[in-house]
Structure formats: structure tokens, C-alpha cells
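Asks: Quick one: this structure, given as C-alpha cells, is what I'll be asking you about.
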Amino acid sequence: MGFEGGVGSESGVGSEGGSIGTTPDGGGSPPGADGGNVGGDGGLPEGGTTVKAGNGCAAALGIDAGFYTCANQYFVSPTGDDSNTGTSTTAALKTIGAATKLSLKGGDCVTVADGTYDETVLISTSGSADTCAGYVVFRAASAGGAKVVSTDTYNGFMVNANYVMVDGFDLQDTSTGSAFTAGTNTLSNGKVIVYHHIAAVRNIAHDSGGAGLAALHSDYVRFEGNTVYNNSSRSDYGDSGIDLWEMQASDALPGFHIVIRNNLSYTNVESDIPANLQTDGEGIILDSFDYADPTYGTSPYAQETLVENNVIWGNGGRGIEASGAQPTSHVTVRNNTVFNDNTQQQQYGGAEIVSWGNGNSVANNIVILGPDAQNGTAANQTTVAIADRCGPSSAGVQITGGSVWANNLVDSMKSGAPLSSSNCITTPANYSTIPAGSNLLGVDPHLAAETAPAAPTVQDFTIGASNPATHTGTSTDSAPFDYAYVVRPAPPSIGAFEP
């Protein structure tokens, strides 16, 4: 899954309830500004209000706060026994694997007690609908308290089913596998099986040889509120922190099918593989969605993808990448804060945000090329803050107009580095640049992270009332709330945070 040809807080989380995408029967609404029901039927609350858990998903048991409700519960505990029924804490199962073999259905929640579970998990039982009580839910009893440690070569915690939600785990694959994976490479009648409506929320995915959170050949995927770090170190498949590859549609309904929101993704570096295989280690990559892959019988993915309110820093590859070995189109990248990535020197130059696709929108992001950014080893491969690519791919996909860049605050801490590059502009005077337009190019947001770029914390990316990013964004394409689930005013601020 590569660019150059390689294969928070609980309170207020879940303002979209359990809904990903749009269904004609009202079973879901697209997350984001056009969701229509953040804060109730009366529209958005006033700016500064914390979004409530809602859309009909009343808080039920444990840590769920709006993503789902539990009609029935099953239990897993290190002190349990796999011969038990799992229907109470006193009759808990011992392993998560035993729970996956239960006859689960939508509304069933498997609550996993604190402890370490040395196992590889495959969920293959589906829920029933994109509704609050329609998901099969596997959740940790306390946030990060249930630690799942896999030694699998490919996947640690995998979902091959529909309408499944995984909430609050500490996930790690100590081999070359990914901590969490949604989807499969398995074929049926010459085409890959497409699983859909899979959510990973509020998990910690870390120190894995492959990706932190991965999805492939799937649809209606939601990664929200996760912390992802120190992944992609040992796999030679081109993995990243949050890594989506060749997504596939399960229907043609409008709205955002994929939502990557309110995550932290940092220090994911391909550190332990040969230099000639180091192509990735991005904070977030949406890889080759436009490609019709004959190996898996895939079709170009024409559905909408949303990337918002993520805080990205210190990754070996690019910060946010909507491209890959082939282009990726129909992506909205808004209100993210991206800083000091591209720390590992690779063959090709990188960017904090790079887009290679038709119909992509990049708005209201804080983008800072940090002092640790490396240029590519190949000739004329300069790493920049933002990059827009056009032209044909090796598979014949033609990118013509490039992306729309609006109200991004872009700066560089790397001496002599250009802020932007583009081959989408043909006039000689502007070639290799993205026009300023509404973008604030060369403006320093004075983040605390800039004074300690090697080891910032999420608080180092917040902004104050007098910050140049404060209330200077565009409401036309803005996240409705920020990283802390505070409703954005009009005009909104640029970046992941409101002051």
C-alpha cells in the first residue's frame, strides 16, 4: 500500500450515533456537516458547545457514548473459562476468540474485561443494520484496559463481516501484521468479497509491524477517536499508521462512505526494513482507490471519503496522502493539523498533504513542513508542505483538474523548502505551485509543537484566541465540530481545534 508502487476523550464522542453513510430508510446519515442531525433536529448548537452523544443512541452500558446501544451482553475475562456461556460476568469466557464463535446478532455487545489477551482475533459474524442497535459490538470494559497482542504475520484483530464495531481496545501485532484490519483479499467468483459498515472507535493501535488501523476492499469504514503510533516498522508491504487500500463499493448511495475522523496518528515509521522497500509510513493514506485491480476483480471507488479533525505528526512518510501507487479521488480533507512528517528519507519527495485524484477538496487544514522533513534520494525530489498531482497513472487513470485547496494555513520550518508543488497548473508563471487564493501561505500558526518538534503532545497543537488560524476558515467545507467535539462557530477556525 504505497505511494510509489508499494503494494480522546469519551465525553461527546459519537455525535453521529451508529450511522455511517446514508440509507433511504433513515438508518444512517452521512457524518459531517451535511449529516443534518448533529445536536438535534434544530441544527447545530451554538459554537463552543460540546456535541452530545446522540442521534438516538442513548448511553447504555460501559463506555459506549452514542455509537451504539446494547440489547444483549456477553462477557470475556482473563479469569473466565471458554466452556462458560459468557452471558454474565460470573460465567465469562476466557478468550475473545471463543466469543467470536457465539451466535451473535445486531445489538449484541461482547464486553472484554481488563487484562492481556495473547491471541489473534477474527470476527466473522455480522450485525443487521446501520442503526444504533444493528451492530455486533466488541468493546473493552474500560478504555484501553483490554490489551490484545497478536503474533500473526498479517493481521492481529480482523473483521470479515458487516455491521461490526470494535471499541476501546489496546491493539498490537508484535510480528509483521497490522493491529486492526477491516476487509479481506478473499475472492468469490473472481471478485474480492466486500465487507461493509465496519467501525474502529476509541482504540489504541501501536507498535505493530504492519499498519495500525487498516482497511482493504471494504466499504462504509469508520475510524474515529483512535490513537495510532509506532506502527509500520517491520512489514515490507508498504504499511502506514491509518492505511486504506483499494476500497470497494457495496452500494451507490450518496454521502460519505468512509470516515477517518478525530484520530491521532504519529511516529509511524518503516524503521526495520531495507531502505529500498521504504515507501510509506504515512499518518493516513488512502491508497489507489481509482484502480481496477485485475488480481482482485476490483472496480474504481467512486464513493465519497471524509478525513477531518485528525492530528498527524512525526511519521516517516507523508502526513495525509490521497493517492498511492495509483490515484484516489472523491476525498474531502478538512480541518486537520499536520506537522513534521516525511522524517524518513525515501526515494521520492513527500509532502505533509498530497492529493492525486479527481474531485478532491482540501480545506481548513493547518499544514507545517517540519525541520525533520527529508527530501527524496532521486533527482529533483523535494519534499514540500502541500502537493497536488495530475496526469495519467500507470494504469491509465487520468487526473486532469487537480484538487481544490481552500483556506489552508501552510508554513515551513525547513530552510529553503518550497511550500507547495503541483503539476496541475500549466501556465509557466505558476508551474509547480498551488495558487495562494484563499490559502494562508507562509503564515506561522505559532503552535507549541514548533518549539519541541521531536516529541510533541496533542495539546501542543491547540490554538489560542489570537492565533492566525482562529476563525479564519471557510464554512463552505468545514468539519461541524473539532477534535475535542466542540461545535465550530461561523466562521470556523483552521486546523483540528477551536480555541
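Asks: Once each part is reduced to its C-alpha centroid, what is the distance from region 268-304 to region 374-408 in angstrom?
Replies: Spelled out, the Cα-based centre of one part sits 15 Å from the other.
Asks: Cut-off under 15 Å on the C-alpha distance; same-chain residues fewer than 8 positions from residue 105 excluded. Which aspartates and glutamates are left, in chain and number order?
Replies: Reachable aspartates and glutamates: 130.
Asks: In a shell of Cβ-Cβ distance under 11 Å around residue 194, excluding residue 194 itself, what net charge do Lys and Arg (+1) and Asp and Glu (-1) give?
Replies: Working: positive: 191; negative: 219, 246, 251.
Combined, the nearby Lys, Arg, Asp and Glu give -2.
Asks: Using just the C-alpha positions of region 272-431 as equal point scatterers, what log10 of I(q)/I(0) does the Debye formula give at each q in 0.14, 0.15 1/Å?
Replies: Here log10 of I(q) over I(0) equals -0.66, -0.76.
Asks: Multiplying the sequence separation of residue 466 and residue 302 by 0.36 nm and subtracting their Cα-Cα distance, what value in nm do you get? All intermediate terms of the calculation are to be shown ahead of the outcome.
Replies: Details: separation 164, 0.36 × 164 = 59.04 nm, distance 4.02 nm.
Between residue 466 and residue 302, full extension yields 55.0 nm more.
Asks: Ok, one more. Name the shape class, rounded, prolate or oblate, that the alpha-carbon gyration tensor gives for region 345-499, where a ≥ b ≥ c are the square roots of its eigenvalues, rounded holds for a/c under 1.5, and otherwise prolate holds if a/b is larger than b/c and oblate otherwise. Spell out each step's value before the answer.
Replies: On the way: a/c = 2.03, a/b = 1.36, b/c = 1.49.
Note, shape of region 345-499 comes out oblate.
Asks: First check a/c for region 121-197, with a ≥ b ≥ c the square roots of the eigenvalues of its C-alpha gyration tensor; if it is under 1.5, answer rounded, and if not, answer prolate when a/b is larger than b/c or oblate otherwise. The partial results should precede the final answer.
Replies: Numbers: a/c = 3.34, a/b = 1.11, b/c = 3.01.
Judged from the Cα gyration tensor, region 121-197 comes out oblate (a/c at least 1.5, b/c at or above a/b).
Asks: Please compute the Cα-Cα pair-distance distribution of the chain with 20 Å bins starting at 0, giving whole percents from short to long.
Replies: Once binned at 20 Å, the Cα pair distances of the chain give 26, 59, 14, 0.
Asks: Put a dot 7 Å past each Cα toward the Cβ at residue 193 and residue 253; how far apart are the dots in nm?
Replies: Computed distance between label sites residue 253 and residue 193 equals 2.2 nm.
Asks: Now a separate question. Count charges around residue 407 for me, please; just the other residues with Cβ under 10 Å from its Cβ, Lys/Arg as +1, Asp/Glu as -1.
Replies: Details: positive: 334; negative: 477.
Net of charged neighbours comes to 0.
Asks: What FRET efficiency comes out for residue 271 versus residue 90 if R0 is 45 angstrom and r is the Cβ-Cβ distance? Round to the nearest 0.05. Walk me through the intermediate numbers first.
Replies: Numbers: r = 45 Å, r/R0 = 1.00.
That gives a FRET efficiency of 0.50.
Asks: Counting Lys +1, Arg +1, Asp -1, Glu -1, what net charge surrounds residue 365 among other residues with beta carbon under 12 Å of its beta carbon? Could the numbers behind the result be given before it?
Replies: Working: positive: 334; negative: 308, 352, 411, 477.
Around residue 365, the surrounding residues sum to -3.
Asks: Return the carbon/sulfur percentage of the accessible area of region 86-187, one whole number, probe 1.4 Å, all protein chains in place.
Replies: Details: 1690 of 3280 Å².
On region 86-187, the fraction of accessible area on carbon and sulfur atoms equals 52 percent.
Asks: Take peptides 139-151, 77-89 and line them up by average Cβ neighbours within 10 Å, highest first, as a rough protection proxy. Walk me through the intermediate numbers first.
Replies: Working: 139-151: 20.2, 77-89: 15.0.
In descending order of packing, they fall as 139-151, 77-89.
Asks: Roll a 1.4 angstrom probe over the protein heavy atoms and tell me the percent of accessible area of region 221-287 that is carbon or sulfur.
Replies: Working: 920 of 1670 Å².
Heavy-atom surface of region 221-287 belonging to carbon and sulfur, 1.4 Å probe: 55 percent.
Asks: Another question, if that's okay. In whole percent, what relative contact order does region 357-410 give with Cα contacts below 8 Å and a gap of six or more residues?
Replies: On the way: 73 pairs, mean separation 30.3, N = 54.
Reported relative contact order: 56 percent.
Asks: Separate question: Convert each backbone phi in region 487-498 into a coupling constant with the Karplus relation 6.51 cos²θ - 1.76 cosθ + 1.60 (shift: θ = phi - 60°), then list the ³J(HN,Hα) values in order as whole Hz, x for Gly and Pro.
Replies: 5, 7, x, 10, x, x, 8, 8, x, 7, 10, 8
Asks: Could you give the accessible area per residue of the chain, probe 1.4 Å, as a whole number in Å²?
Replies: Working: 16670 Å² over 499 residues.
About 33 Å² of surface per residue is accessible.
Asks: Listed highest first by mean packing, meaning other Cβ atoms within 10 Å per residue, what order do 404-414, 106-116 come in? Could the numbers behind the result be given before it?
Replies: Working: 404-414: 22.9, 106-116: 20.6.
Sorting 404-414, 106-116 by mean packing, highest first, produces 404-414, 106-116.
Asks: Relative to the Cα centre, what is the charge dipole magnitude of region 84-146, using +1 at the beta carbon of each Lys and Arg, -1 at the beta carbon of each Asp and Glu, and rounding to the nearest 20 debye?
Replies: Details: 4 positive and 5 negative charges, 31 e Å.
With Lys and Arg at +1 and Asp and Glu at -1, about 140 debye.
The values are calculated or read from the model by the stated rules, or taken from the named source; none is laboratory data. Keep in mind the model is a prediction, meaning the values are calculated, not measured. Ideal geometry is used to build each Cβ from the backbone, glycine not excepted, and the neighbour counts take in all protein chains shown. When the accessible area is computed, the model is the full protein with side chains, heavy atoms only, and any ligands, DNA or RNA have been set aside. Shrake-Rupley method; radii C 1.70, N 1.55, O 1.52, S 1.80 Å.
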